[in-house]
Amino acid sequence: MKHLHYFIALAMGATMLGSCSNDNIVDAPAEPNVIGFKAMANKTSRAEVTTANIDRFRVFGCVSDAATGANHTTIFENTTVELKDGKWSYQPTQYWAPDKDYFFVALSSNVKNPAWTFKAPDTHDNALDVNAFKGYGTVTMDILDQQGNGDRDLVYATATRRTDETISDATVVSLTFKHLLSRVAVQFTNGITSSAYSLVISNVSINGLYLKGSLELGVENMVWTTEGEAETEITTVVPDNNKLTAELPSTKSDPSFIIPAIQQLSITFDVQVKLNGVNYSKRTLTGTVPSQAFEIGHSYLFTATITTDNISDEGAKPIEFDVTKVEGWGTDTPGSVEF
């Protein structure tokens, strides 16, 4: 395919699920010593995890003596925290204790049964520091769902707390989540200037991805370790109103979430071409995205521009005209004017 272009549309850091003026913030629990959590929630689209739609997460946590760092104990182990009736809740309830250091790791996804696992360390060494804690443990992820879609987002958050002898800091644990995967999407652009043509895109797939990976949390530079070969294919969809015309020249696929790693991708899709409303051609086009390192928490947009070179095997054949000559009048026919 001659016109598959690649560029990074949003080379930004991880989207933070921070506070917003329209968010519902859960207040501290009525019981002052209850360990409670705070997050933001409005139930909307589950396309990806955002401040507006996060409604559950799993928490892992441990506690140790503040003075010595000894006596580490796990108090949260894959505990589900859910938004119910406007309040984040979990079972069984845990309570703050005096003169302790607390360490929390939370993970969430946009699907209820995500294909990720988390393994906390068997022991928590005494080097854990409430002022420098960035997480612990290893998360393992499978990007495919049962339909072959790469629509599983994954976010994580960490938090710490040190209590004094009167537990005066027994407030809700506020969590700010960061994305752990890379987000990709495909934008299809109509590069045919004639208004007589319209294009319909379907059957979009991205190939050349790693299916599985693992990531150690809390290290200085977190890098995913991949499994197997980079040959996984994921399917994605474009909106129903994906008819491209000169007036509506582009459409974008739903986002997919992939293991951050060095990968060279190919993108395949079908394009139905119509000329003045009549079927002109239907083609399957494939293009290559140059090999590059996809990074944690970054978003990428691949742009495929479809032109007249793509809509038939050797390009569109325009109907052309030429003037050979203009015939003369020939010999004048004589006549006279009568009065």
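Numbers for the structure displayed
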{"quantity": "Straight-distance crosslink candidates among lysines, where the alpha carbon sits under 25 Å from K112 and sequence neighbours closer than 8 are dropped", "calculated": "K38, K43, K84, K87, K178, K212"}
{"quantity": "Cut-off under 5 Å, modelled amide H: who pairs with D151 long-range", "calculated": "D145, F257"}
{"quantity": "Lys, Arg +1 and Asp, Glu -1 on Cβ, resulting dipole of the chain about Cα centre, debye, nearest 20", "calculated": "400"}
{"quantity": "Net charge over other residues, Cβ less than 15 angstrom from the Cβ of A230 (K, R count +1; D, E count -1)", "calculated": "-4"}
{"quantity": "Nearest-0.05 FRET efficiency for N78 and N221, computed from C-beta distance (R0 25 Å)", "calculated": "0.40"}
{"quantity": "Interchain or long-range residues, amide H under 5 Å from A261's placed H", "calculated": "F294"}
{"quantity": "Stokes-Einstein D (µm²/s) once Rh is taken as the Kirkwood radius of the range 211-254 over alpha-carbon pairs, at 4 °C in 1.567 mPa s", "calculated": "90"}
{"quantity": "Longest exposed-site-free window of the chain, the sites being trypsin sites (Lys or Arg not before Pro) in a DSSP loop that have at most 13 other C-beta atoms within 10 Å", "calculated": "135-324"}
{"quantity": "Backbone HN-Hα couplings from phi across the range 314-319 [Karplus 6.51/-1.76/1.60, Hz, Gly and Pro as x]", "calculated": "10, x, 5, 9, x, 6"}
{"quantity": "Whole-Å semi-axes of the ellipsoid equivalent to the chain (Cα gyration tensor, √5λ, descending)", "calculated": "61, 21, 15"}
{"quantity": "Loop GluC sites (Glu not before Pro), the range 77-181 (other Cβ atoms within 10 Å of the site Cβ: 13 or fewer; DSSP)", "calculated": "E165"}
{"quantity": "Cleavage-rule hits, GluC sites (Glu not before Pro), the range 221-312, DSSP coil, Cβ neighbours within 10 Å at most 12", "calculated": "E229, E231, E247"}
{"quantity": "Label point distance in nm, K252-V278, each placed 7 Å from Cα along Cα→Cβ", "calculated": "3.7"}
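Read-outs: derived from the displayed coordinates by stated rules, not from any lab. Just so we're clear, the structure is a prediction, and the values are computed from it rather than from any experiment. Cβ atoms come from the backbone with ideal geometry, glycine included; neighbour counts cover every protein chain shown.
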